[in-house]
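Each reported figure results from applying straightforward, stated rules to the coordinates on display, with no laboratory input. As the structure is a prediction and not an experimental result, all values here were calculated from the model. A quick note on method: Cβ atoms are made from the backbone with ideal geometry, for glycine too, and the neighbour counts reach across all protein chains shown.
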Ligand SMILES: C[S@@+](CC[C@H](N)C(=O)[O-])C[C@H]1O[C@@H](n2cnc3c(N)ncnc32)[C@H](O)[C@@H]1O
């Protein structure tokens, strides 16, 4: 087993990602945001934001613990995870808003497209996809203008405790020059994360500023806000 994979079990990784278009809507990103900033997507998962933004002329780096595994083996796992994930959504359809996706088939097609596009891009541009495990990132201080972080912090508040959230956020702040956006602010039960208030206190203590922004994307009920954290 390679050094990267030590302690990591592919079966325990859920390899799913959103499309470029979902990220644009989720984080209200403009073309200027993409073209004028060095961006970190952490964790990127099987999201196709990096692929498309870089094709447009952007400068995006994707980081995920899953990148310890080869693209093709992750794609096989990702296809299994999409099938399982869509079956779970089917059971609790009322917990989701069916405006962005018409139905579960459309959801599945978006997830497959993101997985295929991100896998192809990683094969073509491997240096854009780095393995790292929060709360530690292999970057110098202030390496990125903007960091995007979706569907890990706050979302998994039951599994990831406050100490993890604090350490992860401090690390994201260390590597970010200007601005961090975190989506969403609710947990898997669609309740506001129990870690949100202490994290806001930590940000204030670090003398960064925050703004809760309404996203133009909502699929999981109430998952329609992101936290903008920026240097004054
Ligand atoms: C639900 S996916 C979200 C992917 C993408 N941000 C999106 O919104 O589509 C969560 C990702 O977090 C990654 N992950 C979990 N814990 C991590 C950690 N401590 N450090 C880095 N990545 C982690 C997983 O491997 C998975 O790919």
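Normalised by the number of residues in the chain, the mean separation of alpha-carbon contacts (under 8 Å, six or more apart) gives a relative contact order of 22 percent. Sort all Cα-Cα distances of the range 166-220 into consecutive 5 angstrom bins from zero, then give the percent of pairs in each bin up to the one containing the longest distance. Values per bin, smallest distances first: 4, 15, 27, 27, 16, 9, 1.
With one equal scatterer per alpha carbon and no solvent term, the Debye-computed log10 I(q)/I(0) for the range 35-155 at 0.11, 0.13, 0.22, 0.23 1/Å reads -0.41, -0.57, -1.31, -1.37. Shape class for the range 93-195, computed from the alpha carbon gyration tensor (a ≥ b ≥ c): oblate, with a/c not under 1.5 and a/b at or below b/c.
Note on the range 188-230: Cα-Cα pairs beyond 12 Å make up 65% of the total pair count. If both residues of a DSSP beta bridge must be in the chain, then about 45% of such bridges are antiparallel.
When the distances between all Cα atoms of the chain are binned every 10 Å from zero, what whole-number percent does each bin get? All Cα pairs considered, the percentages come to 8, 33, 40, 18, 1.
Protection proxy ranking of 105-112, 144-151, by the mean of other Cβ atoms within 10 Å over each peptide's residues and highest first, is 144-151, 105-112.
Counting every other Cβ atom within 10 Å of each residue's Cβ, 214, 19 order from fewest to most as 214, 19. Just how far, in whole angstrom, is the range 148-181 from the range 1-80 if you go by their alpha carbon centroids? Their Cα centres are 16 Å away from one another.
When the alpha carbon gyration tensor of the range 135-196 is reduced to an equivalent ellipsoid, its three semi-axes come out at 22, 12, 8 angstrom, largest first. With contacts taken as Cα pairs under 8 Å and at least 6 residues apart, the range 33-77 reaches a relative contact order of 42 percent.
Given the range 1-101, what whole percent of its Cα pairs are spread farther than 17 Å? Present the calculation step by step, with values, prior to reporting the outcome.
Details: 3035 of 5050 pairs.
The calculated P(r) of the range 1-101 puts 60 percent of pairs beyond 17 Å.
Across the range 144-189, the mean sequence separation of Cα contacts (distance under 8 Å, 6 or more residues apart), normalised by length, yields a relative contact order of 64 percent.
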